[in-house]
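See below for the structure under consideration.
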Amino acid sequence: MSATIASTPAADGYRMPGEFEPHGGCWMAWPERPDNWRLDAKPAQRAFAAVAEAINADEPVTMAVSDAEFEHCRAALAPSVRVVEITTDDAWMRDIGPTFVVDGGAGLRGVDWQFNAWGGLEGGLYSPWDHDDRAAQKVLEIERADRYRAPIVLEGGSIHVDGQGTVLTTEECLLNPNRNPGLTRQEIERVLYDHLGAESVIWLGRGLYNDETDGHVDNLACFVKPGVVLLSWTEDESDPTRAIARDALERLEHATDARGRTLEVIKIPAPGPLLMTEEEAKGVTPVAGTMPRRGGDRMAASYVNFYPGTGRIVFPLLDERFDDAAADVLRGCFPGREIVGVPAREILLGGGNIHCITQQVPAA
Ligand code: KQY
């Protein structure tokens, strides 16, 4: 049973914890749509299964899947991964799942944001998206967690929090007219405060170059603990991502968090540039109204797009030239946690990465 509550998490004493805090589990969704995942999604399914297994060794994973794919998905995953039927339009649980909030005791509830497929009919990635918009409510039913239906369009990948009152986000996404055109920056901040139990927003500018989400922060920067931000970084002056990263660094260096701290910024190398090959693009079945895939397209690749499990960090292996260096940075950020890399190019080809396809349930 999950009730819909008319108040807000902050009014009820709930807050979104930092993702680096302990978890009770993790949700994912099974990829299927052939207009986003090449070769009928078979390579992506293998990649999702590897991510699920890597996380499930540390904390319990639940996989949402359609009825059509149920048996195949069930057979592809270890019995200890829970598989449940939930219809979705694609497989981005970060963006369609609930943002869980806790009260510091046993209370666990969820914020169900409105979802419009990253921009609705103004540059969104597919239509319709109504199954995705109902997914968070279904997850909350299964978790027996009460639900707040938020008054704005927002995807989970567009925010990070430090769990101590600070939200990190980008102007490119949250102020984009294709999300909440009637709302001012201050009105959006108010909704974030009310629904995340926060008091302060640090606004970065643009997200990664060519990120089809309109610049989700989860590809650019994240908190690794209160007061410390990890930033995707390149020294390559010819890469358009360079100016984006420099602007983010400057904003972070001048920011203070909700507790009045200045931030320590740790840089993690960006992979690539990584381009989609002709063969990869050809494997996607084009459908009018969905994001076209072309050989040579620059992909928005980042090691910041990892899953911080309670005991292990599951991060994307993307580029042999940088994978080890990225692992070393993550090891320094999360002492005592195992650092586990999973091949993730097939997830990247669909437009996101490991953080985008996962949603943590905080320990309550
Ligand atoms: O990165 C994400 N959070 C979602 C990416 C969606 C891509 C759809 N093709």
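Structural remarks
- Counted residues, the range 289-333 - those being in a helix (DSSP H, G or I) and not β-branched (Val, Ile, Thr): 10
- Residues of the range 73-110 that turn out to be within 16 Å of the ligand (Cβ to nearest atom) and more than 13 Å from the chain's Cα centre (by Cα), as a count: 3
- Summed over the range 295-336, residues that are open to solvent by 50 Å² or more (accessible area, probe 1.4 Å) and free of Cβ contacts under 8 Å to residues at least 40 places away in the same chain total 7.
- Candidate set from the range 337-354 (those that are in a helix (DSSP H, G or I) and open to solvent by 10 Å² or more (accessible area, probe 1.4 Å)); member that is nearest to PHE315 (Cα to Cα): ARG345
- Subset of the range 56-99 that is free of Cβ contacts under 8 Å to residues at least 40 places away in the same chain and charged (D, E, K, R) - its residue that is nearest to HIS355 (Cα to Cα): ARG82
- Of the residues making up the range 140-160, not one is away from the ligand (no atom under 16 Å from the Cβ) and either within 16 Å of the chain's Cα centre (by Cα) or under 17 Å from LEU252 (Cα atoms) (or both).
- Residue identified as out of contact with any strand residue (DSSP E or B) (no Cβ under 6 Å at 6 or more places or on another chain), hydrophobic (A, V, I, L, M, F, W, C) and in contact (Cβ under 8 Å) with a residue 40 or more places away in the chain among LEU121, LEU174, LEU183, LEU208: LEU208
- Hey, ILE357 within 13 Å of the ligand (Cβ to nearest atom), open to solvent by less than 30 Å² (accessible area, probe 1.4 Å), under 16 Å from the mean Cα position of the chain (by Cα) and closer than 30 Å to HIS23 by Cβ or not: yes
- The residues on offer are VAL111, VAL153, VAL102, and the sole one that is within 24 Å of ASN353 (Cβ to Cβ) and crowded, with 23+ Cβ neighbours inside 10 Å is VAL111.
- For the range 275-329, taking the residues that are hydroxyl-bearing (Ser, Thr, Tyr) and within 15 Å of the ligand (Cβ to nearest atom), the one that is nearest to the chain's Cα centre (by Cα) is identified as TYR307.
- Of all the listed residues (PRO362, PRO335), the sole one being closer than 26 Å to VAL65 by Cα, modelled with pLDDT of 95 or more and out of contact with any Ser or Thr (no Cβ under 8 Å at 6 or more places or on another chain) is PRO362.
- Scanning the range 161-175 for residues that are buried (at least 20 other Cβ atoms within 10 Å of the Cβ) and either in a helix (DSSP H, G or I) or within 14 Å of the ligand (Cβ to nearest atom) (or both) yields THR169, THR170, GLU172, CYS173, LEU174.
- Residues located in the range 68-103, provided they are among the small types (Gly, Ala, Ser) and in contact with a strand residue (DSSP E or B) (Cβ under 8 Å, 6 or more places away or on another chain): ALA91, GLY97
Yes or no, residue by residue, for (1) under 21 Å from LEU174 (Cα atoms); (2) among the small types (Gly, Ala, Ser); (3) at pLDDT 95 or above:
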site	(1), (2), (3)
ALA52	no, yes, yes
ASN56	no, no, yes
VAL81	no, no, yes
ALA136	yes, yes, yes
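- Pairs where the first residue, in the range 18-40, is basic (Lys, Arg) and the second is within 13 Å of the ligand (Cβ to nearest atom), C-beta under 6 Å, 6+ apart: ARG33/ASP90; ARG38/VAL284
- Check on ALA47, part of a helix (DSSP H, G or I) and buried (at least 22 other Cβ atoms within 10 Å of the Cβ): yes
The values are calculated or read from the model by the stated rules, or taken from the named source; none is laboratory data. None of these values were measured; they are calculated from a predicted model. Glycine gets a Cβ as well: all are built from the backbone with ideal geometry, and neighbour counts include every protein chain shown. With ligands, DNA and RNA removed, areas are computed over all heavy atoms of the protein, side chains included. Shrake-Rupley method; radii C 1.70, N 1.55, O 1.52, S 1.80 Å.
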